[in-house]
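Report on one structure; see the data block that follows.
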Amino acid sequence: MDHLIGLLLGTEQDWPRAYETLIARLGPIRGPDGTSHTLRTTRVTIEPFNLRDTPAHDLVIDRLAYWYYHPREWLKKVALMDDVYLLNSPFTFQSMEKHAAYCAMMRLGLHVPETVLVPYKNPVDHTKWAYTAERYNRPFDLDAVADGLGYPLFMKPFDGGAWVGVSRITDSAQLHAAYDASGARLMHLQQSVEGYDVFTRSLSVGPETMVMKFRPELPMHERYAVEHGFLDATAGDEVVTISRLVNAFFRWEFNSCECLVRDGVVHPIDYANACPDVALTSLHYYFPWAMTALLRWTAFCVVTGRRPSLDMDTARYFAIADAAHLSYPEKLAEYRRLADDYFTVDAYREFCDTALAHVPALVAEWVASPGFDALLVDTVRATYPPAEHDRFVAHFRGLIDLWRRENPA
């Protein structure tokens, strides 16, 4: 049985080349029923489509439709009409964004910092604006809102990404300057978690999660620290649970989650990322893990005939949130159970141990090959100015060599 995996891409070249190479090397896979399956990839093009057309794809990895509406509507069509499996759901990313993601996780009792949505600074471009504003928009005291949250705080777009438009605010002057600059963007004000012990960013692909120590103040190539054991077992498990909970709840299966850990309390601050960072020059040491996880989860989905679940089943999660007799750790355990059930974790692990047992060695062998080194060099040349090529090639080669030593084939 042949399966086609589509890649809906923007400007990225590094991880798509890596993924395509690994799929081509994967070979036939034996499914749970004994049938043989082969996987191949194609890059999705953008063109007119008839709503009754039958797509050839079994699964699509989407890295574009969060801002490009035409392919977004194609994704909706192939999910609704043809059961094509999607990473990620265009339905929830379009409707939920950052704001609703905060609301849902607050509803589930997670330690999301206090957050206020403030009206637009500048009028929206709509003919009814003046009448509506005059009749219904109430004047408000921006300083009073900020004082209620307490300084320092962050102002950030309610639907933003990649830290665009995010400002750290320490006083009234900065508050008003940032609000004036926000223009027609709708903004949150959010408490800052000061004095945190660890900033984590977790990259999740299906049921697999890599929790990394993140240093946002450093250049991108240094933000992910190659460090192990920076969280104790309890906090580490909670960060993984939150990441998996978010992804199962919203049907986001290729996503990243940022959490701040302070005094043992985990505060999720950003976890709606339609296009999580998987660049080779960002992840470096962790890049082989990301490609392994993406290869295994997509293979599992198509070979086992996993179908998209468009119903979010929110009532099951909210019932746990409303259970007064459950403590916070007990609620986390129940959320983890629901998330693991959604991702069929046991079946996935068995599949990896049997049908995909050769994948870790396959990835390790490829990472040691001239082909991978050529990808690394091409990516550096496309990312950095010529004067820095030699420096960064050596830098990333060193980090990849460290991964190879710690993950022998």
Query - Approximate spin-label separation Asp197-Ala387, in nm, with each point projected 7 Å along Cα-to-Cβ - result: 4.3 nm
Query raised in the report: Can you work out the FRET efficiency for the pair Asp125 and Ser172, with r the C-beta to C-beta distance and R0 = 25 Å, to the nearest 0.05?
Result: 0.30
**Report entry** DSSP-assigned coil residues among GluC sites (Glu not before Pro) in segment 211-249, each with at most 12 further Cβ atoms within 10 Å
**Finding:** Glu217, Glu227
Query raised in the report: Could you give P(r) for segment 114-191, binned at 10 Å from zero, as whole percent values over all Cα-Cα pairs?
Result: 19, 50, 26, 5
Query raised in the report: Tell me which lysines have Cα within less than 28 Å of Lys331's Cα, excluding those fewer than 8 residues away on the same chain?
Result: Lys98, Lys213
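Taking R0 as 45 Å, what FRET efficiency do you get between Ala368 and Ala319 from their Cβ-Cβ distance, rounded to the nearest 0.05?
Working: r = 49 Å, r/R0 = 1.10.
The pair Ala368/Ala319 has a calculated efficiency of 0.35.
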Query raised in the report: Based on Cβ point charges of +1 for Lys and Arg and -1 for Asp and Glu, what charge dipole magnitude is obtained for segment 198-350 about its Cα centre, in debye rounded to the nearest 20?
Result: 320 debye
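Given the rule -39500 (n - 2.57) for each run of at least 4 DSSP H residues, summed and divided by the residues of the chain, what is its mean residue ellipticity at 222 nm, to the nearest 500 deg cm²/dmol? Mind showing how you got there, number by number?
On the way: 16 runs with 184 residues, N = 409.
Here the helix-only value at 222 nm equals -14000 deg cm²/dmol.
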Requested in this report: Indicate, rounded to the nearest 5 percent, the antiparallel portion of the DSSP beta bridges found entirely in the chain.
Outcome: 75 percent
Report summary line: Rg from C-alpha atoms of the chain, normalised by the globular rule of thumb 2.2 N^0.38 Å, equals 1.04
Query raised in the report: ³J(HN,Hα) across segment 358-363 via Karplus (A = 6.51, B = -1.76, C = 1.60, θ = phi - 60°), whole Hz, x for Gly/Pro?
Result: 7, 5, x, 5, 4, 5
Report task. Would you mind computing the Rg to Rh ratio of segment 2-95 from its alpha-carbon coordinates, Kirkwood style for Rh? Result -> 0.99
Query raised in the report: What shape does segment 14-63 have by the C-alpha gyration tensor, where a ≥ b ≥ c are the square roots of the eigenvalues, rounded means a/c under 1.5, and otherwise prolate means a/b greater than b/c and oblate the rest?
Result: oblate
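Is segment 227-354 best put as rounded, prolate or oblate by its Cα gyration tensor, with a ≥ b ≥ c the root eigenvalues, rounded for a/c under 1.5, and otherwise prolate when a/b is larger than b/c, oblate when not?
Numbers: a/c = 1.73, a/b = 1.14, b/c = 1.53.
Because a/c hits 1.5 or more and a/b fails to exceed b/c, segment 227-354 counts as oblate.
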Report summary line: All alpha-carbon distances of segment 155-290, grouped into 5 Å bins from 0, give the whole-percent distribution 2, 10, 18, 20, 20, 16, 8, 5, 1, 0
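Over the chain, what is the mean sequence separation of C-alpha contacts under 8 Å (at least six apart), divided by residue count, expressed as relative contact order in percent?
18 percent
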Query raised in the report: From the Cα gyration tensor of segment 348-409, with a ≥ b ≥ c the square roots of its eigenvalues, which class applies: rounded if a/c is under 1.5, or else prolate if a/b is larger than b/c, or else oblate?
Result: prolate
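Consider all pairwise Cα distances in segment 211-273 and report the whole-number % of them above 13 Å. List each step's numbers first, then the result.
On the way: 1262 of 1953 pairs.
The share of Cα pairs beyond 13 Å in segment 211-273 comes to 65 percent.
Bear in mind these aren't lab numbers, they're just calculated from the coordinates by the rules spelled out. Keep in mind that what you see is a predicted model, and the values were worked out from it rather than measured. Quick reminder, even Gly has a Cβ in these numbers, built from the backbone with ideal geometry, and neighbours come from all protein chains shown.
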